[in-house]
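Right, one structure below, let's go through it.
The values are calculated or read from the model by the stated rules, or taken from the named source; none is laboratory data. Since we're looking at a predicted model, the values are computed, not measured. Note that each Cβ is placed from the backbone with ideal geometry, even for glycine, and that neighbours are counted across all protein chains shown.
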Amino acid sequence: MKRNSTFWALMISGFGLVTSLRGQDIYFQEGNKSSETWAKTLTQAYQPELVMDGKQILQFQQKLEEFLIRENKIQKANMTPEDKMALLSELARQQRAEMSNILTKPQLRKYRKVRNEIQPIAVVVDTLNH
């Protein structure tokens, strides 16, 4: 079944509203040690490329953790792989936009270049339930 653009616009807007309201406080989200560990690992992978200072590293890691939690929720959601991919792509766009509040312009340009290598968008398919 093909969904129309109005449906997608409403879905992405609703998702964006919910995540922006809940996503501002990382402790309000249902984080876990795994997302924190993964955020640290990704931050370490980005660091040689972005050369962030101490304050940026902490902010960057916290922002990554927020987005990893959101990504995990999408991955676990009961929807088609195509729908998940659309939401994950929108989430990646939001992440790039929010990183502009943490990184300098040169760092942001570099981040946009290396993001797909370090943190590619992928849909996890549960073959046991499909």
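Taken over the range 97-118, the criterion of being farther than 15 Å from Val51 by Cβ and surrounded by 13 or more Cβ atoms within 10 Å (Cβ to Cβ) is satisfied by Glu98, Ser100, Arg112, Arg115.
Residues checked against (1) of a type in the set (A, V, I, L, M); (2) in a loop (DSSP other than H, G, I, E, B); (3) at pLDDT 95 or above:
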| site | (1), (2), (3) |
| --- | --- |
| Gln47 | no, no, yes |
| Asn72 | no, no, no |
| Gln75 | no, no, no |
| Leu91 | yes, no, yes |
| Lys110 | no, no, yes |
| Thr127 | no, yes, no |
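Residues considered: Lys33, Lys63, Lys40, Lys55. Of these, the only one that is modelled with pLDDT of 95 or more, of a type in the set (D, E, K, R) and farther than 17 Å from Ile118 by Cα is Lys55.
Being in contact with a Phe, Trp or Tyr (Cβ under 6 Å, 6 or more places away or on another chain), at pLDDT 95 or above and assigned to a helix (DSSP H, G or I): is that true of Gln95 here?
yes
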